[in-house]
Structures are given as structure tokens and as C-alpha cells.
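Trainee: Below is the structure I would like to discuss, written out as C-alpha cells.
The values are calculated or read from the model by the stated rules, or taken from the named source; none is laboratory data. Quick caveat: nothing in here was measured; it's all calculated off a predicted structure. As a convention, Cβ positions derive from the backbone with ideal geometry for all residues, glycine included, and neighbour counts pool all protein chains shown. Calculation scope for accessible area: heavy atoms of the full protein, side chains included, ligands and nucleic acids excluded. Shrake-Rupley method; radii C 1.70, N 1.55, O 1.52, S 1.80 Å.
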Amino acid sequence: MTRNILHLRAPGNWINDPNGFIYYKGKYHLFYQYFPYAPVWGTMHWGHAVSEDLVHWEHLGIALFPTKAYDQNGVFSGSAIDKDGRLYLYYSAVRYLETDAENIHVAPNDHYETSQAMIVSEDGYHFDNWKDKRKIIPVVMDEETANRAHTRDPKVWKDGEHYYMVLGSTYKEQGGRVLFYRSKDAVEWEYVNQCRSSSFGRILECPDLFEANGEYVFIGSPMSVTEDGLEYAHQAMCTLADYDASTCEMTLKQEMQLIDHGMDLYAPQTNIDRDGRRVMIAWMRMPKEVENPESLPWRGMMCLPRVIEVENGQICFRVHPEVEKYFDTETEQLPDEIHPSHNDIPVQMYYPEGSYDIPCAMPYRLKAVLKEGQELHIGGYRLWIEDDRVRADRSRVYKGIEGYRLTGNTPKLGGRYELDIFVDHNLIETFVNGGQYVLSHVVYGV
Ligand code: FRU
């Protein structure tokens, strides 16, 4: 089976959201939205990969696929919990109400309905898609409670004696909302509350709610929130929230902020890692597939795992210690493609052990401290400081792709510009000031 290091990539064809991300029985399991037949979105399956350390991934093929009338058109996104040693996976089950005679993999006019379902596995490796699925929340027909089509992406967690589920939804397809459900046994669910907000876009996808450093953090992916007409209009965002578990009453404490200022990242999911940290992983959207003569073309990859911490009221996304550990070899010599604009820019360079003597080997890690007006070129990718922000331009490594953002920038930084840059095939991720902000860009050749 295929292996990936650092960034999980589509094993061929198409992947999108991370699903069922969990540390379970000594391994990290990461499932993902998968269309196994072509490098485009279509009838969703769950692909499956496992890792010992969040760095080395082994693909295990397809875990979940449509078998039931209620999920015949897609096993959409969802999450995982460990209950009494068993793996419980929750997902949204999609059934189309109309068929496109020329493409059975998409729903004409968004005419479909969605229920919530689960499957239980004894060991996290075997999934009986015929016997072990069950529908847990039927399609909601009452618009005041939820939307029949667009209610999805169950994120489940345990708090005290109860299990909780948050679902993304919309009110009349005009404004996003999230729904809260509660359960005593993680199987029978009761509706408890909902939260609507003008910052939830048209539809809110992939909600997540958790505590970090004594604060509640809400994460979600609101649809249609940018106005410049460029891809992507849907963006992953976060905010601090007030939340009362006894009533599932949630209010947002701030405006939603971007999770990644490159704006390619979407549909993040978090869970607790082996050592109790809150770790996030997310889908990096790719406008076209990567061709590889030795394998299937592939499209879609995951970002690096990022540790979420709240510091002085700010949600930070830090480099995971396992990633730190992986880049253990420092070298004085910069690869040919790195060009600092000034000789006095301090740049430190790290490779994983054993790869630093291979010319132009990726991945590598660069640490650089820049000043206003200074610039770093990584092949055709440009990073510089202007107007107190880190800015990036990928136009030379994103050629021939129309209608997408070519540049990105962080908010103002108050004069501190410490960059920690991870360069890998097709993805450059820049952590700024220890995770105060992250700016990541998909690239095609550096
Ligand atoms: C987010 C999303 C989810 C849905 C899944 C379908 O990217 O649209 O809301 O469950 O992808 O693949």
C-alpha cells in the first residue's frame, strides 16, 4: 500500500475533507472524503490511512462506501470516537432525489436529502458496510429545526456523562447555523439547541467545538464568504466562543478569523493527540490534478498537523512536536533555489535525517527572520514583508490556473517577522511568529 511522509496525499484520484481523525489503540487513524474513480469530486467514500506519529502515513484503501438506500449517493464527512474500545464513526448519509442521467455522481439542482448515520468497528481496521451501519438522525423535514439537504458533518465528543454532536446546517440556504444533539449512549440522539450567526456564511460546513487553554474554540467552514469573485469563496474559520454544555447554548465571542491566510485550506478537523494536545488537520484544495507517469493522477492533500493553543485571547496554530522531531538535521548550505534578498537575513535550514545530501530534496524546513522590505525566494515562490505583514506570491508556481488567488498576506504583525517555512512537493506552509498566523499555498513546481 502507498505510504506518504508528512503530508497525506490522495492515493490517486480525488480526496477532500479529513474525517474520523483519532488516536485509537496506539495509532492515529485518518479517514478522508474519497472519490476513487477520477480526480474530481463525486459519490463520496471514506478512504483510510494510519500513522504512528502523524508524520509517516500508510494508506489502507477504502473503509466506508455506500451500501444503504439512505447513503446510496455518498458517505459524507464526519468524525470518530473511541467507546469502550470500539471505534464509532459518524457520518452524513446522502440520497439524491433526482438523477443526472449523464453523471450519477452529482445531484442536479442540489436536490438531495441528508440523514446522519454511524458505523461501529471492533478494531478500527474492519468495517462491515452492510451489517454495522445504522441511521441515527433521520432527515429533518422541519426547516425551523434544520435543512433537509444541507445538514451535515457530525463532530462527536464526550463531556462528562454525555456525548455531544454538532452539525453544520443552513436556515433556508440563506444563512449558516449549527445544531447541537446530545446522547447518553452515543447511539440514540436528542436535539438540544442551535446557533445561528451572520458569520456562518450561506451554509456552515464541518463544525468543531473544543476547549483549549480554558477557552472554547469554535471552528467551521462557512460557504460563500469572500466577495472578490475568485476561488475559493468558502473558507475555514475560527473564533473563541462561550458555550454552556448543560443547554448547548453557544455564542461567538469575536468575528470569525481565517485559519490559514493562504486561503487554500478547508474543512479542518481536530482531536486530541497521544499526549493530550489539540491537533488539527485539514484539506488543501488543489485546482488541478498532479500527473505522475508511474501512478494515477491525484488531487487533494492534507496540511501538516497543527497544534491549537489559545494565548492571550488569540488562537494559535503551532508546529506539531512530531514534525519538529522529523526535521532533525541542520545544515549550513542552502539549496540552490533559496534566495534571500539580503545577505544578513538569518536563515536556518533543516532536513529530515538522511536526505540532506540529496540535491534539491524535499521536504525541508527553513527558519528566517525578516525585516520590513526584505524578501525570500523559494524557487518561484516569493515571501516578503510589506506594510507590517508577511506577503506571499505564488504566481510563478501556479501557472495557467485562472480565477484563483495568487497572493496572500497575514494581518499586521507589530514588527515581528519570524518565519518557519515547510517546503514540500505541491505545498509551502509558513508559520509566522510561532503559530500566531499560518499562510499556506498549494504550488505546482517550485
Ligand atoms: C466540505 C464538504 C462537507 C461534506 C463533504 C462532501 O468540503 O462539502 O460539508 O460533508 O465536503 O464531500
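Trainee: Checking Val438 against (1) in contact with a Phe, Trp or Tyr (Cβ under 6 Å, 6 or more places away or on another chain); (2) part of a loop (DSSP other than H, G, I, E, B): exactly one of these is not met. Which one?
Mentor: (2)
Trainee: With respect to Lys412, is the statement that it is touching a Phe, Trp or Tyr at 6+ places or on another chain (Cβ under 8 Å) and either part of a loop (DSSP other than H, G, I, E, B) or surrounded by fewer than 21 Cβ atoms within 10 Å (Cβ to Cβ) (or both) true?
Mentor: Judged against the criteria, Lys412 is not a match.
Trainee: Hey, another quick one. Do you know which residues across region 233-260 are buried (at least 18 other Cβ atoms within 10 Å of the Cβ) and not in a strand (DSSP E or B)?
Mentor: Selection gives His234, Gln235, Ala236, Cys248, Met256, Ile259, Asp260.
Trainee: Same structure, new question: Can you name the residue in region 34-49 that is buried (at least 18 other Cβ atoms within 10 Å of the Cβ) and in contact (Cβ under 8 Å) with a residue 40 or more places away in the chain and is also farthest from the ligand (Cβ to nearest atom) among such residues? Show your work before the answer.
Mentor: At the first step, the residues of region 34-49 found to be buried (at least 18 other Cβ atoms within 10 Å of the Cβ) are 34-36, 39, 42-49.
Imposing the further condition that a residue be in contact (Cβ under 8 Å) with a residue 40 or more places away in the chain reduces the set to 35, 39, 42-44, 46, 49.
Details: Phe35: 8, Pro39: 14, Gly42: 9, Thr43: 10, Met44: 5, Trp46: 10, Ala49: 17 Å.
Per the criteria, the residue is Ala49.
Trainee: Using the structure shown, decide if Asp110 is open to solvent by 50 Å² or more (accessible area, probe 1.4 Å) and within 14 Å of the ligand (Cβ to nearest atom).
Mentor: Details: open to solvent by 50 Å² or more (accessible area, probe 1.4 Å): yes; within 14 Å of the ligand (Cβ to nearest atom): yes.
Yes.
Trainee: Please verify whether region 1-9 includes one or more residues that are over 20 Å from Val323 (Cα atoms), more than 10 Å from the ligand (Cβ to nearest atom) and surrounded by 20 or more Cβ atoms within 10 Å (Cβ to Cβ).
Mentor: no
Trainee: So if I check each of Gln235, Gln254, which one is within 16 Å of the ligand (Cβ to nearest atom) and either in the same structural domain as Phe35 (by TED's automatic domain parsing) or within 24 Å of His441 (Cα to Cα) (or both)?
Mentor: Checking each option against the conditions leaves just Gln235.
Trainee: Are there any pairs, at least 6 apart or on different chains, whose C-beta atoms fall under 9 Å, with the first in region 211-230 and of a type in the set (Ser, Thr, Tyr) and the second open to solvent by 60 Å² or more (accessible area, probe 1.4 Å), and if so, which?
Mentor: As it stands, the answer is Tyr216/Asp242; Tyr216/Lys253; Ser224/Arg202, since those pairs meet every condition given.
Trainee: Would you say Asn129 is touching an Asp or Glu at 6+ places or on another chain (Cβ under 7 Å), surrounded by fewer than 24 Cβ atoms within 10 Å (Cβ to Cβ) and either in contact (Cβ under 8 Å) with a residue 24 or more places away in the chain or outside any strand (DSSP E or B) (or both)?
Mentor: no
Trainee: State the number of residues belonging to region 324-375 that are assigned to a loop (DSSP other than H, G, I, E, B) and open to solvent by less than 40 Å² (accessible area, probe 1.4 Å).
Mentor: Qualifying residue count for the region: 10.
Trainee: Next question. Of all residues in region 91-126, how many are in contact (Cβ under 8 Å) with a residue 24 or more places away in the chain, out of contact with any Phe, Trp or Tyr (no Cβ under 8 Å at 6 or more places or on another chain) and closer than 19 Å to Val50 by Cβ?
Mentor: 3
Trainee: So, one more: Restricting to region 181-232, count the residues that are within 23 Å of Val156 (Cβ to Cβ), part of a loop (DSSP other than H, G, I, E, B) and within 16 Å of the ligand (Cβ to nearest atom).
Mentor: The total comes to 1.
Trainee: Given the options Asp17, Asp53, name the one that is open to solvent by 10 Å² or more (accessible area, probe 1.4 Å), under 24 Å from Asp208 (Cβ atoms) and within 13 Å of the ligand (Cβ to nearest atom).
Mentor: Asp17 is the lone residue from the list that is open to solvent by 10 Å² or more (accessible area, probe 1.4 Å), under 24 Å from Asp208 (Cβ atoms) and within 13 Å of the ligand (Cβ to nearest atom).
Trainee: Restricting region 261-309 to residues that are hydrophobic (A, V, I, L, M, F, W, C) and open to solvent by 20 Å² or more (accessible area, probe 1.4 Å), which is farthest from the ligand (Cβ to nearest atom)?
Mentor: Filtering region 261-309 down to residues hydrophobic (A, V, I, L, M, F, W, C) leaves 263, 265, 267, 272, 279-284, 286, 290, 296, 298, 301-304, 307-308.
From what is left, the residues that are open to solvent by 20 Å² or more (accessible area, probe 1.4 Å) are 263, 272, 283, 290, 296, 298.
Details: Met263: 14, Ile272: 22, Trp283: 7, Val290: 20, Leu296: 19, Trp298: 16 Å.
Filtering first and then ranking leaves Ile272.
Trainee: How about region 165-193: which of its residues are open to solvent by 40 Å² or more (accessible area, probe 1.4 Å), of a type outside the set (Lys, Arg) and over 29 Å from Arg86 (Cβ atoms)?
Mentor: Tyr171, Glu173, Gln174 - these are the residues of region 165-193 that are open to solvent by 40 Å² or more (accessible area, probe 1.4 Å), of a type outside the set (Lys, Arg) and over 29 Å from Arg86 (Cβ atoms).
Trainee: If Asn103 meets every condition in (1) more than 16 Å from the ligand (Cβ to nearest atom); (2) over 30 Å from Tyr24 (Cβ atoms) apart from one, which number is that one?
Mentor: (1)
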